[in-house]
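The structure appears right after this line, and notes come after that.
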Amino acid sequence: MSTETKYSSGSNLEKVLKSGQFAFTGELGPPRGTDVDEVREKARFLKGHVDSVNITDNQTAVVRMSSWAASLIAIDEGLEPNYQMVCRDRNRLAMQADILGGYALGIRNMLCLSGDHQQFGDHPDAKGVFDIDSIQLIALVKQMRDEGRFLSGNEIHKPPKMFIGAASNPFADPFEWRVHRLAKKIEAGADFIQTQCIYNMPKFREFIRLANEEGLTEKVYILGGVTPMKSVGMARYMATKVPGMDVPEEIINRLKGVEKSKVAQEGINIACEQIEEFKAMKGVHGVHLMAIEWEHMVPQIAEQAKVLPRPVFD
Amino acid sequence: MIVGEQKPLEEIWEMVKVHKQLTVFGCNTCVAVCHQGGNKEAGILASLLRMKATQEEVDIEIVDSGIERQCEHEFFESVRDLMNRSEAVLSLACGIGVQFVATKYQTLPVYPALNTTFLGDVIAVGHFTEKCQACGDCVLGLTGGVCPVSRCCKRLMNGPCGGSSNGKCEISKEIDCAWQLIVDRLEALGRLDDYEKIPPLKDWSKDRAGGPRSFKLEDM
């Protein structure tokens, strides 16, 4: 995409992407309690190593500290949050209220998600809200930003100006329709896309080829999702237990092929090789590193992936 | 049709055992099709309850009966006397029938023998599946005749989500991904362009969000 200097939000991530630089974002899961220090500690590993950090929203449908609250702690630690919001837990009133509140207190990026089904989490008997879906949530955030209006049509006094993110899973079915669903998210108003963790590189290359062919990568910034494997067990779990995940056998074999003490490093090596390829791949504008409960490894991974130093804007 | 499933016998027994007389009352339309609440099932359930009463040495007179539909006044004409001498009714109707009895006979205790489960069809003998949520604002015209409200576990209007795999839903391999079915159907109809359209937000005020619904024919 061509470089731009007109910004729709006050987001650092937006500046990085619009300046044409390769973006590098991280992820931070809020605690299952009220321990602020736990968030601060994770944040310190990420600070200076990523452009923005996704703060997950009751990830895998397990109750955690609310994503906006953890986002504010991240801001306090000098990190830029990417506030995740799922459709599972809020109706349209709560969504709009949280967007106003989040923006008022300094949140500038949002990632709009459907959310894992509540059956996967710690409250499987909960009622899933799903008042609107993720594509409609994207359109909602855009309407609030660009038209300054609530869904009701009523005017917003000082509208929230969010940089709008969405997710894409190139590995879910039907494969040939994933690009069309991506197109819908762009049409709804997504500024950037973070993909599901990529392990099947041939399939991802094909997805990006189709997205390039459709002209989608000219309309949206795509950040490839990368999660380094910590162990063979994790790779097996991802391959068989996580919905929408595609882990080829050769990844598992490569991890199995090294000494046990070197498996984690091999996982990082695989991730860094992927990042190298993404840097050169037409239509990919950055990487979203999801180092799940491995935040302390982010500085080392960022170093090895040669994505440091991160750009700084005045 | 409305599909229901009989409650466990123990749960039913705990509700009704305090009475001296009980009418086990079938509803011979929807819930008869799924072999849970028809007049025949009322007879079987009455027998089971009599056995239970004998086992527990509880003195309770149990009779069984039934009508075609427990949701319309006219069908109750034939059981007027029975209702008058009943001390309590165990209704095998859906929740609608149970409430109809409760409203019609203000001082007569009525208990549900069924859990009303869903609005569905009979895809094979003895196999019933949910197909409608009575959302009050039908979108089947947009989705190729496959309902995302009742059949997508997240009620997505723009699916499939990232959990769709080999045509199945992320929550169970037993559940078809509704959006895979929608895409397949639109393709078969040569209407794939419809997939690209973003539908308007769902108006849930026409669903239960707007409170209990009703409509009245003006010319009747």
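Descriptive notes on the structure:
- Any strands (runs of 3 or more DSSP E) falling wholly within segment B:92-198 and containing at least 2 residues that are over 30 Å from B:Gln21 (Cβ atoms), within 23 Å of the chain's Cα centre (by Cα) and within 14 Å of another protein chain (Cβ to nearest Cβ): B:172-176
- Search result, residues across segment A:123-146 that are over 18 Å from B:Pro200 (Cβ atoms), open to solvent by less than 60 Å² (accessible area, probe 1.4 Å), outside any helix (DSSP H, G or I) and not aliphatic (A, V, I, L, M): A:Gly128
- A:Asp116 part of a loop (DSSP other than H, G, I, E, B), open to solvent by 50 Å² or more (accessible area, probe 1.4 Å) and without any contact (Cβ under 8 Å) to a residue 40 or more places away in the chain: no
- Residues located in segment A:270-297, provided they are β-branched (Val, Ile, Thr) and within 22 Å of A:Lys15 (Cα to Cα): A:Ile275, A:Val284, A:Val287
- Qualifying positions in segment A:36-72 - of a type in the set (Val, Ile, Thr) and either in a helix (DSSP H, G or I) or open to solvent by less than 60 Å² (accessible area, probe 1.4 Å) (or both): A:Val36, A:Val39, A:Val50, A:Val53, A:Ile55, A:Thr56, A:Thr60, A:Val62
- Residue pairs meeting the criteria (Cβ under 6 Å; at least 6 apart or on separate chains; first at pLDDT below 95, in segment A:8-25; second open to solvent by 10 Å² or more (accessible area, probe 1.4 Å)): A:Ser9/A:Arg108; A:Ser9/A:Lys161; A:Gly10/A:Arg108
- Within segment B:199-209, the residues that satisfy the criterion of being more than 10 Å from every other protein chain (Cβ to nearest Cβ) and either in a loop (DSSP other than H, G, I, E, B) or without any contact (Cβ under 8 Å) to a residue 40 or more places away in the chain (or both) are B:Asp203, B:Ser205, B:Asp207, B:Arg208.
- Condition broken by A:Ile292, with the remaining ones in (1) over 24 Å from A:Asn212 (Cβ atoms); (2) open to solvent by 10 Å² or more (accessible area, probe 1.4 Å); (3) not in a loop (DSSP other than H, G, I, E, B) satisfied: (3)
- Search result, residues across segment B:113-154 that are open to solvent by less than 50 Å² (accessible area, probe 1.4 Å) and of a type in the set (Lys, Arg): B:Lys154
- Residue match in segment A:155-163 (condition: under 25 Å from A:Ile55 (Cβ atoms), part of a strand (DSSP E or B) and either within 14 Å of chain B (Cβ to nearest Cβ) or open to solvent by less than 10 Å² (accessible area, probe 1.4 Å) (or both)): yes
The values are calculated or read from the model by the stated rules, or taken from the named source; none is laboratory data. Everything numeric in this text was worked out from a predicted model, so none of it was measured. FYI the Cβ positions are ideal-geometry reconstructions off the backbone, even for glycines, and counts take in every protein chain you see. To get the accessible areas, we keep the full protein, side chains included, count just its heavy atoms, and leave off ligands, DNA and RNA. Shrake-Rupley method; radii C 1.70, N 1.55, O 1.52, S 1.80 Å.
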